[in-house]
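Here's the structure, in structure tokens; my notes come after.
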Amino acid sequence: MFRLFLHPYRKIMSVKIIKARLTNQKWTDGQSARPLNGPSARSLSIFLFVTASLFSVCTLSAQQAAQQPAQGATPTAPPFRRFPTLPPFHLLKLDSASYLTKDDVKKHRQTIVMFFSPDCDHCKHQTEAILAQSDKFKDIEIVMATYQPFEEMKQFNTYYRIFDHPNIKMGRDEKFFLVPFYQIHNLPFLALYDKNGNLITTFEGNQKAETLLNAFQQKS
């Protein structure tokens with residue numbers, strides 16, 4: 001398996017992005033913030049506390065509608081376990097101008113989210129295994145995401161002629177959202193979702209095409 005290592009700062013920033021995406025809020029790294037001291041700081045703290053309390057009541061239902069946590073999931077569980085539905089990814093498409101989101105995935109279809117690296121041999125083997133049986137995967141939506149440089153992703157797409165398969169979509173995870181969301185350690189990583197967008201299971205490392213197809217069939 002291809003081992004994936006996270007830079008500490010990138011990991012912290014990605015966690016902030018995940019929380020913002022799941023609750024439809026904006027985020028900031030706060031590096032340019034200027035500290036406040038004295039009475040103004042205390043007054044501001046009181047004001048923010050009261051405002052936040054009122055705001056939380058008003059926005060609770062909106063946040064729950066955005067994405068419901070799984071019942072029984074512990075607060076320390078990985079994000080994909082606490083929110084076991086198709087994640088709110090935002091991937092730069094191959095046209096380098098538009099973005100691929102979960103709204104672009106066809107409704108009422110089984111889906112695979114595959115995180116890969118263009119220079120990962122195991123990822124290449126996984127792609128080849130799926131393409132070799134493309135007729136069996138044609139009704140399954142496949143989202144291929146990578147954090148590697150844009151040009152490497154384009155070359156990978158061209159080499160494997162991914163564009164010949166309309167059910168396979170590819171994009172660059174510029175915000176490094178998916179790795180901490182799924183807590184990925186090895187590549188390729190695959191997350192399987194049923195026709196209702198609910199998580200079935202995940203795999204790390206190269207899998208046989210039959211293994212993926214059987215996982216879908218067992219859920220049906």
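Rule-based calculations on the coordinates, nothing more; no lab input. Nothing here was measured: the structure is a model prediction, and the numbers come from that model. Please note: Cβ atoms are built from the backbone with ideal geometry, for glycine as well, and neighbour counts cover all protein chains shown.
Excluding residues on the same chain fewer than 8 positions from K124, give the aspartates and glutamates whose Cα lies under 16 Å from its Cα.
Correct list for K124: E152, E204.
For the ranges 154-166, 104-116, 170-182, what's the packing order if you count other beta-carbon atoms within 10 Å of each residue, average per peptide, and put the highest first?
Descending packing order for the listed peptides: 170-182, 104-116, 154-166.
Could you tell me how far the Cα centroid of the stretch 120-178 sits from the Cα centroid of the stretch 183-213, in Å?
Rounded to whole Å, the Cα centres lie 14 Å apart.
If each of A97 and R161 carries a label point 7 Å out from its Cα toward its Cβ, how far apart are those two points in nm?
2.7
What does the net charge come to around Y159 if you take all other residues with beta carbon closer than 14 Å to its beta carbon, with K and R at +1 and D and E at -1?
Taking every other residue near Y159 into account, the sum is -3.
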